[in-house]
1. Just checking, does the range 297-308 include any residue being within 16 Å of the ligand (Cβ to nearest atom), assigned to a strand (DSSP E or B) and touching a helix residue (DSSP H, G or I) at 6+ places or on another chain (Cβ under 8 Å)?
2. If the requirement is being in contact (Cβ under 8 Å) with a residue 24 or more places away in the chain, closer than 25 Å to residue 85 by Cβ, away from the ligand (no atom under 16 Å from the Cβ) and out of contact with any strand residue (DSSP E or B) (no Cβ under 8 Å at 6 or more places or on another chain), which of these qualifies: 175, 180?
3. Filter the range 251-274 down to residues that are within 16 Å of the ligand (Cβ to nearest atom) and surrounded by fewer than 24 Cβ atoms within 10 Å (Cβ to Cβ) and give me whichever is nearest to residue 50 (Cα to Cα).
4. Looking at residue 138, is it surrounded by fewer than 22 Cβ atoms within 10 Å (Cβ to Cβ) and part of a helix (DSSP H, G or I)?
5. Which of (1) within 20 Å of residue 193 (Cα to Cα); (2) touching a strand residue (DSSP E or B) at 6+ places or on another chain (Cβ under 7 Å); (3) not in a loop (DSSP other than H, G, I, E, B) does residue 132 not meet, given it meets every other one?
6. With the requirement that a residue be surrounded by 20 or more Cβ atoms within 10 Å (Cβ to Cβ) and either under 24 Å from residue 270 (Cα atoms) or more than 16 Å from the ligand (Cβ to nearest atom) (or both), what does the range 142-153 give you?
7. Specify which of the listed residues (172, 216, 183, 165) is surrounded by fewer than 23 Cβ atoms within 10 Å (Cβ to Cβ) and closer than 25 Å to residue 96 by Cα.
8. Restricting attention to the range 195-202, does a residue exist that is out of contact with any helix residue (DSSP H, G or I) (no Cβ under 8 Å at 6 or more places or on another chain), surrounded by fewer than 17 Cβ atoms within 10 Å (Cβ to Cβ) and at pLDDT 95 or above?
Ligand code: PBG
């Protein structure tokens, strides 16, 4: 063989060699655990399409938040599941609404040791299941929804959220929430913006997790999976509107966008490894068709390798336990 004799395999020879040249790490502090807290539950209720994930009671949520802090996770992202829903999603604004109570419980439990984040969207609270309120013709009314998001952001800040996560894909939502927070004296509450959020089949199990009543789909506000340039435009708008962190969601089918957005902006980039991505691995592993732990590691490593600084994953606590 002619010189140089290239042998990339030298750097794969032993576990110690592979470890020292490994480019991507998954550390607990980079992970955020999404959690569902349901009103009126006596004990945690399993979510059948997400084996291992539950709807929490307020008490079990507190324990899970304390555990997340002890494990050194980056944060928790709280979702509320109210008993009663209405057309305006009024439970989202009520300080005694389940999500605001869960935020307050979490802060009482962990103080500033763990970031407490909250989903800022109406779909869990509306009886029609859409992410905003509807106009007379039954269409999602963007600007009327912004007014509610603004108040919801303040309600969540008052409850104790460190970061709020507007996820409804309304135009102008980051600016509306930012100016409301600032106006109410919450300029240090950060916005984790769901910037490039696609209308995805991979949210299927989540709909069970939040007892969703949605009929139809979200294609007039969430993005078409066929579009990539549009995601960069959405991200640029959110950066201009004052987002602190931008997010891509789902993660696995959109690794190209995670990479492009990581290159395009200087803010931290998050990615949401969504319910359907979780369920696929769990279902295949339960059948014995894939090695569960390796598939989980490879999934989260790939999302990090693509460029996500932060990953929301239902496996966050488990990954931290075996880190
Ligand atoms: C909207 C929201 C959804 C998810 C997170 N926030 C559902 C949707 O947009 O339909 C999905 C998360 C997942 O599937 O894990 N509040």
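1. Checked the range 297-308: no residue is within 16 Å of the ligand (Cβ to nearest atom), assigned to a strand (DSSP E or B) and touching a helix residue (DSSP H, G or I) at 6+ places or on another chain (Cβ under 8 Å).
2. None of the other options fit; the residue is 180.
3. Selected residue: 252.
4. no
5. The number of the failed condition is (3).
6. 146, 149, 150, 152, 153
7. It is 183.
8. So far as the range 195-202 goes, yes, one or more of its residues are out of contact with any helix residue (DSSP H, G or I) (no Cβ under 8 Å at 6 or more places or on another chain), surrounded by fewer than 17 Cβ atoms within 10 Å (Cβ to Cβ) and at pLDDT 95 or above.
The values are calculated or read from the model by the stated rules, or taken from the named source; none is laboratory data. All values derive from a computational prediction rather than experimental measurement. A quick note on method: Cβ atoms are made from the backbone with ideal geometry, for glycine too, and the neighbour counts reach across all protein chains shown.
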